[in-house]
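Participant: Supplied in structure tokens, the structure appears directly below.
Laboratory data are not the source of any read-out in this text; all were calculated from the coordinates shown. Only a predicted model underlies this, so the values are computations on that prediction, with no experimental measurement involved. Neighbour counts are summed over all protein chains in view; Cβ atoms, including those assigned to glycine, are modelled from backbone coordinates with ideal geometry.
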Ligand SMILES: NC(=O)C1=CN([C@@H]2O[C@H](COP(=O)(O)OP(=O)(O)OC[C@H]3O[C@@H](n4cnc5c(N)ncnc54)[C@H](O)[C@@H]3O)[C@@H](O)[C@H]2O)C=CC1
Ligand SMILES: O=C(O)C(=O)[C@H](O)COP(=O)(O)O
């Protein structure tokens, strides 16, 4: 069996060498129709666009993405072509929670937001959003939740986006990127959304850049419709809007999910899916580095920011925005 694998997926090589006869490691954007044509499986990240153009005429039967998001896979084409695919639900939700925890503490320390008096709006309440809900509750915040697909399934406790826009001091986006249909999230935060905000909130986006219209958020920052923004994801990565990077409170290179723990979960889950599909025994171990014991005695807020302070990633990105992809590819994975 021949497998082509993104060369930035950590902890995978030893396990995969025991599962496949031939494994080729390549940068995610270097997968071409010629390279994939005689592969049985692709193991990818968000950087490989799996569509007709890449896959037509190939013998690929399985695609595993070591990510939760799967907007880079044309699932309709895969269905037509009989190609199975799999993602890793929940793999990196703990890492994004860690990112949000540090961001909320920094908003309190540096922007004067009293978290215990603030209302937090969470748009998209899945694996990540649910963890942010519990984090916000632990921090004493009032929480409003928006998740139309869950509300339409009859689940209780959700409000519409307009209510969040009216009542929240901080709004954070955790939806998938959906380009069309009744739950589309492409440019969910557009000019009319920003106009509808009444409390000059902070906006946080760790979902996908395309969920927020770049022109609209720039205008919202300039016209003070919002107090500031924290962005981990951007339209047109890696060619991000430098004016926006300059104007946000914190801007990072799509690394909210980049903990060693989250990456190891993703590798384990993608290999389990691979083994299920090819009916192979899943007899592999993924070994993580040990946690840093020296942090264990500190006060929780101090420990949170010692373990992860997003200003570091923001400073690196601002210093060399052209290295967006390199900063991600060679990221020193943090522990949760
Ligand atoms: N920056 C990063 O490193 C990371 C980014 N992500 C992004 O965050 C997204 C969310 O991650 P998870 O919570 O793990 O995914 P998930 O699939 O568990 O949750 C997504 C939630 O969004 C809801 N949703 C769908 N359409 C919606 C709409 N129109 N409005 C409001 N809610 C809607 C769904 O019902 C679901 O509850 C991922 O799809 C991915 O794009 C996830 C992990 C890391
Ligand atoms: O899981 C997702 O979805 C993400 O956005 C990841 O954190 C980004 O993953 P990579 O494609 O950079 O591995």
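Participant: Okay, which of segment 48-90 sit inside 20 Å, backbone N to the point 7 Å along the Cα-Cβ direction of residue 32?
Facilitator: Residues 48-60 fall inside that zone.
Participant: I've got another one for you. Considering every Cα-Cα pair within segment 93-251, what fraction, in whole percent, is farther apart than 23 Å?
Facilitator: Percentage above 23 Å: 31.
Participant: Below 8 Å between Cα atoms, with a sequence gap of 6+, how large is the relative contact order for segment 93-251 in percent? Please list the in-between numbers first.
Facilitator: Details: 281 pairs, mean separation 27.3, N = 159.
Over segment 93-251, the number comes to 17 percent.
Participant: What is the fewest-to-most order of 226, 12, 122 by other Cβ atoms lying within 10 Å of their Cβ?
Facilitator: 226, 12, 122
Participant: Percent relative contact order of the chain, based on C-alpha pairs within less than 8 angstrom and at least six residues apart?
Facilitator: Relative contact order here is 15 percent.
Participant: Here is a further query. In the P(r) worked out for the chain, what percent of Cα pairs fall beyond 26 Å?
Facilitator: Cα-Cα pairs of the chain separated by over 26 Å account for 50 percent.
Participant: Next question, about the same structure. With an 8 Å cut-off on Cα pairs and a minimum separation of 6 or more residues, tell me the relative contact order of segment 1-126 in percent. Mind dumping the intermediate values first?
Facilitator: Values: 174 pairs, mean separation 22.7, N = 126.
Worked out over segment 1-126, it gives 18 percent.
Participant: Any idea how far the Cα center of segment 174-213 sits from the one of segment 231-281, in Å?
Facilitator: The two parts, judged by their Cα centres, are 19 Å apart.
Participant: Using 19 Å as the cut-off for backbone N distance, which residues of segment 252-283 belong to the label zone defined by a point 7 Å from the Cα of residue 18 along Cα→Cβ?
Facilitator: Once the point is set 7 Å along Cα→Cβ of residue 18, 264-283 turn out to lie under 19 Å by backbone N, inside segment 252-283.
Participant: Further, regarding this structure: What distance in nm separates the simple spin-label points at residue 162 and residue 326, each placed 7 Å from Cα in the Cβ direction?
Facilitator: Each label point is offset 7 Å from its Cα along the Cβ direction, giving 4.9 nm.
Participant: If you bin every alpha carbon distance in segment 58-164 into 10 Å steps from zero, what whole percent lands in each bin?
Facilitator: Reading upward from the zero bin: 13, 32, 29, 17, 7, 1.
Participant: OK, next. Which semi-axis lengths, in whole Å and largest first, follow from the square roots of five times the eigenvalues of the Cα gyration tensor of segment 185-336?
Facilitator: They are 33, 21, 15 Å, listed from largest to smallest.
Participant: I would also like to ask the following. Using the basic label-point model (7 angstrom from Cα toward the beta carbon), what is the residue 117 to residue 191 distance in nanometres?
Facilitator: The modelled label-to-label distance comes out at 3.6 nm.
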